[in-house]
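**Q** Okay, handing you the structure first.
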Amino acid sequence: LLCSFIRPLCCRSPLLAGNTSITLTLGLQPRRTITTDRPSWYESVADSTPVFLTEQLLVSTQQMTGLPWWASIMCTTLALRTAITLPLGIYQSIIIAKVEALQKEIAVLARQLRFEISIRAKEKGWSEKACRFHFKKNLKRIVSELYVRDNCHPFKASLLIWVQLPMWVCFSLALRNLTSEAGLATGGALWFPDLTLPDSTWIMPVSLGLINLLITEIFALRQLDPSKFQKYVTNFIRGISLVMIPIAATVPSSMSLYWLSSSCVGLAHNLLLRSSHFRGICRIPPTRSDSETPYKDIAAAFVAKYIK
């Protein structure tokens with residue numbers, strides 16, 4: 001999907017076709033050409049209703065506020081991420097904290113279960129394989145019951161990504177579709193005056209990669225004893241952060257500006273969620289990695305790992 005962003009736009013939302021009043025009101029011009037060819041998957045997604053509604057939101061916000069396009073994109077990104085993804089980030093932190101708090105209870109129950117299985121094995125004459133089977137089966141049931149009791153199934157912690165990723169895609173495609181909007185050609189600033197053209201200086205693409213890497217490293221430093229899978233995921237995200245640099249250099253500046261703004265807001269939210277005062281206000285249960293001086297700890301850990 002990321003590679004598809006660099007394809008030239010040749011379609012528009014089906015909601016615009018035959019609806020001149022909506023098009024003129026929003027300042028959008030219908031650009032769909034009548035064709036009998038079957039649309040590609042990219043065209044189908046770019047023409048979808050969520051993407052069109054996102055276009056409406058972007059254009060309406062810019063027209064109502066009167067801000068230049070670059071400022072409107074940044075303000076809309078900040079408002080939506082704060083209103084939608086920050087509460088989900090808080091909810092994710094609550095779930096993770098509850099799951100972590102259950103680990104001690106799970107360990108105690110696992111020892112008790114292992115003892116009971118050993119007694120039952122002597123009575124029934126179970127083999128070692130049968131003991132492992134019954135232990136895993138009953139432990140899984142116990143853990144599931146604990147998750148239900150505390151309403152903290154780990155899958156709920158992934159709700160943030162299932163909301164954030166579609167929102168990111170819709171905004172990116174909406175900005176891609178709006179490249180022919182007259183205001184975008186003069187709606188930039190500083191070294192990117194034309195938002196319909198890529199950033200030839202690579203300032204925003206490189207900044208995007210650095211911000212994403214910083215977010216990844218802050219997350220990695222929070223893991224006290226990462227598993228092999230967690231290390232694999234962290235390295236994968238590092239790779240994606242680097243791949244995004246050349247991709248951001250080929251798309252319109254409006255898209256790279258949105259990506260950079262979204263990452264900066266994400267970094268701010270991550271740092272905010274490390275604050276013990278903010279976590280207390282949001283009633284996030286304490287975890288092992290909590291600290292009264294989280295930002296000093298991050299800086300010290302970063303220096304110790306990458307500089308010394």
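**Q** Can you name the residue in region 45-68 that is of a type in the set (Gly, Ala, Ser) and surrounded by 13 or more Cβ atoms within 10 Å (Cβ to Cβ) and, of all such residues, is modelled with the lowest pLDDT?
**A** Among them, the one singled out is ALA46.
**Q** Sticking with this one: Pull out all pairs, ordered by first then second residue, where Cβ-Cβ is under 6 Å, the residues are six or more apart or on different chains, the first lies in region 97-110 and is closer than 18 Å to ARG274 by Cα and open to solvent by less than 60 Å² (accessible area, probe 1.4 Å), and the second is at pLDDT below 90 and in a helix (DSSP H, G or I).
**A** VAL99/PRO154
**Q** Conditions: (1) of a type outside the set (Ser, Thr, Tyr); (2) under 39 Å from the mean Cα position of the chain (by Cα); (3) open to solvent by 60 Å² or more (accessible area, probe 1.4 Å); (4) farther than 15 Å from LEU146 by Cα. LEU86 meets all but one. Number of the miss?
**A** (3)
**Q** Another one. Please tell me if PHE115 is closer than 21 Å to TRP259 by Cα and of a type in the set (Phe, Trp, Tyr). So that I can check it myself, show each step before the final result.
**A** On the way: closer than 21 Å to TRP259 by Cα: no; of a type in the set (Phe, Trp, Tyr): yes.
When the stated conditions are applied, PHE115 does not pass them.
**Q** Residue check: is LEU224 in contact with a Lys or Arg (Cβ under 8 Å, 6 or more places away or on another chain), at pLDDT below 85, open to solvent by 30 Å² or more (accessible area, probe 1.4 Å) and not small (Gly, Ala, Ser)?
**A** In short, yes.
**Q** Please name all residue pairs, on different chains or six or more residues apart, with Cβ atoms under 7 Å, provided the first residue is in region 111-124 and is in a helix (DSSP H, G or I) and the second residue is modelled with pLDDT under 90 and open to solvent by 100 Å² or more (accessible area, probe 1.4 Å).
**A** Final answer for the pair search is none.
**Q** From the list CYS131, CYS75, CYS152, CYS170, which residue is touching a helix residue (DSSP H, G or I) at 6+ places or on another chain (Cβ under 6 Å) and under 30 Å from GLY183 (Cα atoms)?
**A** CYS170
**Q** Continuing with the same structure: Among residues belonging to region 275-295 that are under 15 Å from LEU88 (Cα atoms) and basic (Lys, Arg), point out the one that is most open to solvent (accessible area, probe 1.4 Å).
**A** Filtering region 275-295 for residues that are under 15 Å from LEU88 (Cα atoms) and basic (Lys, Arg), the one most open to solvent (accessible area, probe 1.4 Å) comes out as ARG283.
**Q** Assess whether ILE218 counts as being open to solvent by 40 Å² or more (accessible area, probe 1.4 Å), closer than 20 Å to THR85 by Cβ and modelled with pLDDT under 90.
**A** So ILE218 does not fit the description; no.
**Q** Can you tell me which residue is nearest to the chain's Cα centre (by Cα) among those in region 100-156 that are among the hydroxyl-bearing types (Ser, Thr, Tyr) and closer than 30 Å to LEU88 by Cβ?
**A** Here is the first cut: in region 100-156, the residues among the hydroxyl-bearing types (Ser, Thr, Tyr) are 118, 127, 144, 147.
Among the residues that remain, those that are also closer than 30 Å to LEU88 by Cβ are: 144, 147.
On the way: SER144: 27, TYR147: 24 Å.
Residue satisfying both the conditions and the ranking: TYR147.
**Q** Tell me which helices (runs of 4 or more DSSP H) are completely within region 189-308 and hold 2 or more residues being under 25 Å from SER172 (Cβ atoms) and in contact (Cβ under 8 Å) with a residue 24 or more places away in the chain, or say none if there are none.
**A** Where helices (runs of 4 or more DSSP H) fall fully within region 189-308 and carry at least 2 residues being under 25 Å from SER172 (Cβ atoms) and in contact (Cβ under 8 Å) with a residue 24 or more places away in the chain, they are 203-222, 228-248, 253-272.
**Q** Being crowded, with 17+ Cβ neighbours inside 10 Å and assigned to a loop (DSSP other than H, G, I, E, B): is that true of CYS170 here?
**A** Numbers: crowded, with 17+ Cβ neighbours inside 10 Å: yes; assigned to a loop (DSSP other than H, G, I, E, B): no.
No: the conditions fail for CYS170.
**Q** Continuing with the same structure: Please count how many residues of region 69-83 are of a type outside the set (Gly, Ala, Ser) and open to solvent by 60 Å² or more (accessible area, probe 1.4 Å).
**A** Going through region 69-83, the residues of a type outside the set (Gly, Ala, Ser) turn out to be 69-70, 73-78, 80-82.
Remaining after also requiring open to solvent by 60 Å² or more (accessible area, probe 1.4 Å): 70, 74-75, 78.
Counting residues in region 69-83 that are of a type outside the set (Gly, Ala, Ser) and open to solvent by 60 Å² or more (accessible area, probe 1.4 Å) gives 4.
The values are calculated or read from the model by the stated rules, or taken from the named source; none is laboratory data. All figures in this text were calculated on a predicted structure; none of them were measured in a lab. Cβ coordinates were reconstructed from backbone atoms using ideal geometry, including for glycine residues, and neighbour counts include every protein chain displayed. Areas reflect the complete protein model, heavy atoms only, side chains present, ligands, DNA and RNA absent. Shrake-Rupley method; radii C 1.70, N 1.55, O 1.52, S 1.80 Å.
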